[in-house]
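Enquirer: One structure coming up, written as structure tokens, with questions to follow.
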Amino acid sequence: MAELPSILIASSEVIGFAKTGGLADVCGYLPLALRRRGHPVAVIMPLYRSVRLGRVPIYPTEHVLTVTLGKTICPTRLWRGTIPNSDVPIFFIEHSDFFERDDPVRGTSIYQRSTVDGRKVDYADNCARFAFFNRAAMEAIPYMPTPVDVLHCNDWQTGLMPVHLRDTYRARAEYRRIRSLFTIHNIAYQGAYPHELFHLTGLDFRLYNPHQLEFYGQFNYLKGGIVFSDWVNTVSPTYANEIRTPTFGCGMEGLLGERRDRLSGIVNGVDYASWDASTDPHLAKNYTIDSVDAGKASCKADLQHHFDLPLEPRVPLIGMIARLVEQKGVDLVAKAADDMLKLPVQLVILGDGDPTYISKLYAIRDRYPKQVGLYIGFDETLAHKIEAGSDLYLMPSLFEPSGLNQLYSLRYGTPPIVRTTGGLADTIVDTTEESLLTGEPTGFRFQAYTPQALAGTVRWATHLYHDRPSVFQRIIRNGMLADWSWDRAAVEYEKIYRRLMIEREGYRFAAESA
Ligand code: ADP
């Protein structure tokens, strides 16, 4: 038995088809990396309006699935396409009432709509929509091109699939050999609904109990994924530990503690085709590790010009791009601003989000107009310019399941200053006198969530920038050489898939594959 396990990735978002967050990146790039390693892979997601109108052609298959939703039976067609630049098939569950309502012009997304006073609220029927998706995706499994070995579910929207696999479909031969992996991308979103809606899931009511699907008087999709899957992972090893504590676990810490021998973390990858300073079309000058000095000097001048800051080549420029929400440590930046800006530094911030943080940042910009640049909004081009044109990148997150911007920064030769949490702790090697002697530092870290700790770390980083330029160059090079590709992440996912197969096949398989 030398064949690689065949994987079906189930997700509510896949980049290129529908995206609201990092979940879409994982479910779009991981399948390609697994395919490159030789796995049979397929992906399944809802057929949203953005999929129907998108650039990738999709086709109806001949399969009409019989899907039960409560007492209703809804026949639904399975559609199919291919992930661009690959031969990975992607399948879509059609239900136009449920899934084809996302429309940016009307302010509707795949999960939410805008109210008349501009707030975003979840659709009232999200429970039914995803109960339907979970059930339909289960029904589609026999029609996958290769018999599925591992069903890889992602976040609450697919949390009932491992439950169905163990319970509803247990007796059916086509499902018996399938093992499941459940990946938590952000534990704060759980899909919790009143028990009156439980009948929509089609699951047996005996599962509605505190050891299985009940969670404080509601039933909870995420809990289903955690309890019923054969393995649980999340998007960094440190976040895997953190979510076992009350501070980060959002109520799931006890349960995750019970499953700790089946819980691990894998840092997300970077799509280095989109984030490559040597080809990036958004930059004033492209550069490689051998031309980083000259390249970054041009990009820095371009960035200073963009924000109307003095064109000072030797004043360290600190960049930050973030959703302006509590998670990203914006309040810490606001509190540390006076201390940081006493130093001869410039600071540019790109982001959008909470109006309270936005007004605090405007106030700082108005106090330090010659040192601070601020753009409120979403701007992909500017994000690339900031990654390349800054000397240091700031990411002082309160929590960070995996994080992408620190990885882009490493690749672009912009050492990150991060708080030691989640994926930031796992990806940034702190610069200390000791790590300079014995290790390969790539950035700067601080632990305490205090303005003093942040400002102190900025002071240390700018000291190295000014007074020990060869050390700073080394940090840049170490970061640029680090591998945070999807190919690396795929190797780690493959270890979990293989482990599940070894358990399925027993010792004989383990011995043969050794
Ligand atoms: P999160 O997914 O929690 O927002 P990550 O660091 O994992 O944080 O990824 C954020 C992604 O969104 C990055 O690609 C980042 O560059 C991008 N981004 C966030 N805010 C903006 C913005 N205002 N303009 C452009 N890109 C942004």
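Enquirer: In segment 424-480, what count of residues is obtained for those that are outside any helix (DSSP H, G or I) and basic (Lys, Arg)? Walk me through it before giving the result.
Expert: Quick first cut of segment 424-480, residues outside any helix (DSSP H, G or I) only: 428-432, 439-450, 468.
Cutting the leftovers down to basic (Lys, Arg) gives us 445, 468.
Residues flagged as outside any helix (DSSP H, G or I) and basic (Lys, Arg) within segment 424-480 amount to 2.
Enquirer: Given Thr432, Thr427, which one is at pLDDT 95 or above and buried (at least 23 other Cβ atoms within 10 Å of the Cβ)?
Expert: Working: Thr432 fails: buried (at least 23 other Cβ atoms within 10 Å of the Cβ).
Going through Thr432, Thr427 in turn, the sole match is Thr427.
Enquirer: Which of the residues belonging to segment 303-340 are away from the ligand (no atom under 16 Å from the Cβ), over 20 Å from Val458 (Cα atoms) and either assigned to a strand (DSSP E or B) or touching a Leu at 6+ places or on another chain (Cβ under 8 Å) (or both)?
Expert: His305
Enquirer: Would you check which residues across segment 30-67 are open to solvent by less than 50 Å² (accessible area, probe 1.4 Å), of a type in the set (A, V, I, L, M) and in a strand (DSSP E or B) and list them? It would help to see each step written out before you state the result.
Expert: Taking segment 30-67 and keeping what is open to solvent by less than 50 Å² (accessible area, probe 1.4 Å), we get 30-34, 38-48, 50-51, 54, 56, 58, 61, 63, 65, 67.
Cutting the leftovers down to of a type in the set (A, V, I, L, M) gives us 30, 32-34, 41-45, 47, 51, 56, 58, 65, 67.
Result: Val41, Ala42, Val43, Ile44, Met45, Leu65, Val67.
Enquirer: Which one of these is open to solvent by less than 40 Å² (accessible area, probe 1.4 Å) and either over 27 Å from Ser180 (Cα atoms) or within 24 Å of the chain's Cα centre (by Cα) (or both): Gly118, Gly70, Gly107? Give the derivation first.
Expert: Working: Gly118 fails: open to solvent by less than 40 Å² (accessible area, probe 1.4 Å); Gly70 fails: either over 27 Å from Ser180 (Cα atoms) or within 24 Å of the chain's Cα centre (by Cα) (or both).
None of the other options fit; the residue is Gly107.
Enquirer: Further, regarding this structure: With within 22 Å of the chain's Cα centre (by Cα), more than 12 Å from the ligand (Cβ to nearest atom) and open to solvent by less than 20 Å² (accessible area, probe 1.4 Å) as the only criterion, which of Thr442, Thr462 stands out?
Expert: Working: Thr462 fails: within 22 Å of the chain's Cα centre (by Cα).
Exactly one of Thr442, Thr462 is within 22 Å of the chain's Cα centre (by Cα), more than 12 Å from the ligand (Cβ to nearest atom) and open to solvent by less than 20 Å² (accessible area, probe 1.4 Å), namely Thr442.
Enquirer: Still on this model: Would you pick out the residues in segment 395-406 that are within 11 Å of the ligand (Cβ to nearest atom), under 26 Å from Val315 (Cβ atoms) and not hydroxyl-bearing (Ser, Thr, Tyr)? It would help to see each step written out before you state the result.
Expert: Of the residues in segment 395-406, the ones within 11 Å of the ligand (Cβ to nearest atom) are 395, 397, 399-406.
Okay, now just the ones that are also under 26 Å from Val315 (Cβ atoms), so 395, 397, 405-406.
Listed by number, the residues that qualify are Met395, Asn405, Gln406.
Enquirer: Also: Is there any pair linking a residue in segment 185-201 that is touching a residue at least 40 places away in the same chain (Cβ under 8 Å) and buried (at least 17 other Cβ atoms within 10 Å of the Cβ) to one that is among the acidic types (Asp, Glu) and in a helix (DSSP H, G or I), with Cβ under 9 Å and at least six apart or on different chains, and which?
Expert: Pairs found: none.
Enquirer: So which of Asp354, Asp391, Asp379 ends up being closer than 26 Å to Asp280 by Cβ and either modelled with pLDDT under 95 or hydroxyl-bearing (Ser, Thr, Tyr) (or both)? Before the answer, list the steps.
Expert: Details: Asp354 fails: closer than 26 Å to Asp280 by Cβ; Asp391 fails: either modelled with pLDDT under 95 or hydroxyl-bearing (Ser, Thr, Tyr) (or both).
Just one listed residue meets the conditions, Asp379.
Enquirer: Separate question: In segment 408-427, is there at least one residue being within 30 Å of Pro281 (Cβ to Cβ), within 16 Å of the ligand (Cβ to nearest atom), in contact (Cβ under 8 Å) with a residue 24 or more places away in the chain and of a type in the set (Phe, Trp, Tyr)?
Expert: Yes, that holds for at least one residue.
Enquirer: Among the residues of segment 152-192, count how many are among the acidic types (Asp, Glu) and not in a loop (DSSP other than H, G, I, E, B).
Expert: So the first thing to find is which residues in segment 152-192 are among the acidic types (Asp, Glu), and the list is 155, 167, 174.
From what's left, not in a loop (DSSP other than H, G, I, E, B): 174.
So the count comes out to 1.
Enquirer: With the condition kept exactly as written, say whether any residue in segment 382-394 is open to solvent by 10 Å² or more (accessible area, probe 1.4 Å), more than 13 Å from the ligand (Cβ to nearest atom) and either among the basic types (Lys, Arg) or not in a helix (DSSP H, G or I) (or both).
Expert: The answer is yes; a qualifying residue exists.
Enquirer: Quick one: in segment 345-370, which of the residues that are touching a residue at least 40 places away in the same chain (Cβ under 8 Å) and surrounded by fewer than 23 Cβ atoms within 10 Å (Cβ to Cβ) is farthest from the ligand (Cβ to nearest atom)?
Expert: Of everything passing the filter in segment 345-370, Lys370 is farthest from the ligand (Cβ to nearest atom).
Enquirer: Of everything in segment 466-514 that's among the small types (Gly, Ala, Ser) and loosely packed, with under 14 Cβ neighbours inside 10 Å, which residue is modelled with the lowest pLDDT? So that I can check it myself, show each step before the final result.
Expert: Filtering segment 466-514 down to residues among the small types (Gly, Ala, Ser) leaves 470, 479, 482, 485, 489-490, 506, 510-511, 513-514.
Narrowing the set further to residues that are loosely packed, with under 14 Cβ neighbours inside 10 Å leaves 470, 506, 511, 513-514.
On the way: Ser470: 96, Gly506: 79, Ala511: 43, Ser513: 46, Ala514: 39.
Only one residue fits best here, namely Ala514.
The values are calculated or read from the model by the stated rules, or taken from the named source; none is laboratory data. Predicted model, so just to flag it, every value in this text is computed and none were measured. FYI the Cβ positions are ideal-geometry reconstructions off the backbone, even for glycines, and counts take in every protein chain you see. Note: accessible area is taken over every heavy atom of the protein model, side chains too, but ligands, DNA and RNA are not part of it. Shrake-Rupley method; radii C 1.70, N 1.55, O 1.52, S 1.80 Å.
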